[in-house]
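> Mind looking over this structure? Questions follow.
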Amino acid sequence: MNLSTQLLHILGSGASAYISARNMRDLQTRPNTLAALQMAESGSVPFLEALSARATAEGDTWLAERLARHAADERRHGQIFAQALKQLNKQLIDFKSIPQTTNDGTPDERRRSPFFEAYFSDYSSEALKPENIDWTVFFASTYILELDASKDFVRMANALPDTDPASVNLKKGILSVAHDETGHAAYLREAMERQLSSAAVDEAIDIWRTRKVNALIAMVGGFLQKGGKMPALTQEGMPDRAEVALELVAAN
Ligand SMILES: [Fe+2]
Ligand SMILES: [Fe+2]
């Protein structure tokens, strides 16, 4: 990573941490923030489970066990955010009610992630499927995300007020999420160290750190182009339908 990328990393992670902490503290923006987190956390579960099955098939029990544990943790994280949304009388939108594409034929923006599109640019969706993904690509790309998430979650938790029981509860939940993300980053690094030389580990980490910085810039650029508006991800609470929405997100 060169010096300007390093500086952009510091700037970019500072800015995203500031925005996410602010969006969590503010009761106006908290539901959308929780919904986005619920989607991200629960959405990774089927992928991790499929990777765990692949590791088993490849005879790597060490990795299979950690991936299974990782999937269970992410499922629990999704539930923490779903529960916090429910306490605000909100739930994740029912993705069945949203058309796949807008009137002009482009995919609905809630189904796309400009960040992930940029982060994994040059990789086809076929190459990123759990049955195909290169293990080093998975380990290094996820390591960077987990490492940064662990720090972002601590900042988000600390931004919550201590004045109402819902916020206090959420703070506890988010701190436990942060603790798990640190553990995920640790096993992913160990997984790289099991298969690569330390120079190759450093190189892979460097590549994905640079990709993250560039993806963050692409995402912030898109966000500013839309006048700083985030797509709505919540609807008023109808708890019986929340499960449906979650399954849909997981299947996407
Ligand atoms: Fe998580
Ligand atoms: Fe994680």
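The values are calculated or read from the model by the stated rules, or taken from the named source; none is laboratory data. This structure is a prediction, so every number in the text was calculated from the model and none was measured. Quick reminder, even Gly has a Cβ in these numbers, built from the backbone with ideal geometry, and neighbours come from all protein chains shown. The protein model used for the area step is the full one, side chains on, heavy atoms only, and it has no ligands, DNA or RNA in it. Shrake-Rupley method; radii C 1.70, N 1.55, O 1.52, S 1.80 Å.
> Within the stretch 1-103, considering only helices (runs of 4 or more DSSP H) that don't extend past its boundaries, which have at least 3 residues that are within 16 Å of ligand 2 (Cβ to nearest atom)?
Numbers: elements: 3-25, 30-43, 45-57, 61-87.
By residue number, 30-43, 45-57, 61-87.
> Name the single residue, out of those in the stretch 160-190 being hydroxyl-bearing (Ser, Thr, Tyr) and at pLDDT 95 or above, that is surrounded by the most Cβ atoms within 10 Å (Cβ to Cβ). Show your work before the answer.
So the first thing to find is which residues in the stretch 160-190 are hydroxyl-bearing (Ser, Thr, Tyr), and the list is 163, 167, 176, 182, 187.
Subsequent filtering for residues that are at pLDDT 95 or above retains 176, 182, 187.
Numbers: SER176: 16, THR182: 15, TYR187: 19.
My answer is TYR187.
> Regarding GLU146, is this residue among the charged types (D, E, K, R), within 16 Å of ligand 1 (Cβ to nearest atom) and either touching a residue at least 40 places away in the same chain (Cβ under 8 Å) or assigned to a loop (DSSP other than H, G, I, E, B) (or both)? Reasoning before the result, please.
Numbers: among the charged types (D, E, K, R): yes; within 16 Å of ligand 1 (Cβ to nearest atom): yes; either touching a residue at least 40 places away in the same chain (Cβ under 8 Å) or assigned to a loop (DSSP other than H, G, I, E, B) (or both): yes.
When the stated conditions are applied, GLU146 passes them.
> Search the stretch 183-204 for residues that are of a type in the set (Phe, Trp, Tyr) and pair each with any residue that is within 16 Å of ligand 1 (Cβ to nearest atom) and open to solvent by 20 Å² or more (accessible area, probe 1.4 Å) when their beta-carbon atoms are under 9 Å apart and the residues are at least 6 apart or on different chains.
Listed by first residue and then by second, the contacts come to TYR187/ARG66; TYR187/ARG69.
> Here's a check for you: in the stretch 191-229, which residue that is among the hydroxyl-bearing types (Ser, Thr, Tyr) and open to solvent by less than 80 Å² (accessible area, probe 1.4 Å) is farthest from ILE10 (Cα to Cα)? Write out each step before concluding.
Filtering the stretch 191-229 for residues among the hydroxyl-bearing types (Ser, Thr, Tyr) gives 197-198, 210.
Filter once more, so that each one left must be open to solvent by less than 80 Å² (accessible area, probe 1.4 Å): 197, 210.
Numbers: SER197: 27, THR210: 12 Å.
The selected residue is SER197.
> Another question, if that's okay. Of all residues in the stretch 110-136, which are over 15 Å from the mean Cα position of the chain (by Cα), of a type in the set (A, V, I, L, M) and within 21 Å of GLU41 (Cβ to Cβ)? It would help to see each step written out before you state the result.
So the first thing to find is which residues in the stretch 110-136 are over 15 Å from the mean Cα position of the chain (by Cα), and the list is 121-136.
Okay, now just the ones that are also of a type in the set (A, V, I, L, M), so 127-128, 133.
Across the stretch 110-136, the qualifying residues are LEU128, ILE133.
> List pairs: first residue in the stretch 57-75 and open to solvent by less than 50 Å² (accessible area, probe 1.4 Å), second residue more than 16 Å from ligand 1 (Cβ to nearest atom) anywhere in the structure, Cβ distance under 7 angstrom, at least six positions apart or on different chains.
LEU63/ALA55; LEU63/ALA191; ALA64/ALA55; ALA64/THR56; LEU67/ALA55
> Going through the stretch 168-193 one residue at a time, which ones are farther than 22 Å from GLU74 by Cβ and in contact with a helix residue (DSSP H, G or I) (Cβ under 9 Å, 6 or more places away or on another chain)? First the steps, then the outcome.
Going residue by residue through the stretch 168-193, those that are farther than 22 Å from GLU74 by Cβ are 168, 193.
The one that is farther than 22 Å from GLU74 by Cβ and in contact with a helix residue (DSSP H, G or I) (Cβ under 9 Å, 6 or more places away or on another chain): GLU193.
> Could you list all residues from the stretch 35-56 that are among the hydrophobic types (A, V, I, L, M, F, W, C), more than 13 Å from ligand 1 (Cβ to nearest atom) and in contact with a Lys or Arg (Cβ under 9 Å, 6 or more places away or on another chain)?
Applying the first criterion (among the hydrophobic types (A, V, I, L, M, F, W, C)) to the stretch 35-56 yields 35-37, 39-40, 45, 47-48, 50-51, 53, 55.
Next, from what is left, pick out any that are more than 13 Å from ligand 1 (Cβ to nearest atom): 35, 50-51, 53, 55.
Selection gives ALA35, ALA50, ALA55.
One line per residue, one yes/no per condition, for (1) polar (S, T, N, Q); (2) in contact (Cβ under 8 Å) with a residue 40 or more places away in the chain; (3) closer than 14 Å to ALA72 by Cα; (4) touching a helix residue (DSSP H, G or I) at 6+ places or on another chain (Cβ under 9 Å):
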position	(1), (2), (3), (4)
ALA15	no, yes, no, yes
ALA21	no, yes, no, yes
ASP26	no, no, no, yes
ASN32	yes, yes, no, yes
MET39	no, yes, no, yes
GLY43	no, yes, yes, yes
PRO46	no, yes, yes, yes
GLU49	no, no, yes, yes
SER52	yes, no, yes, yes
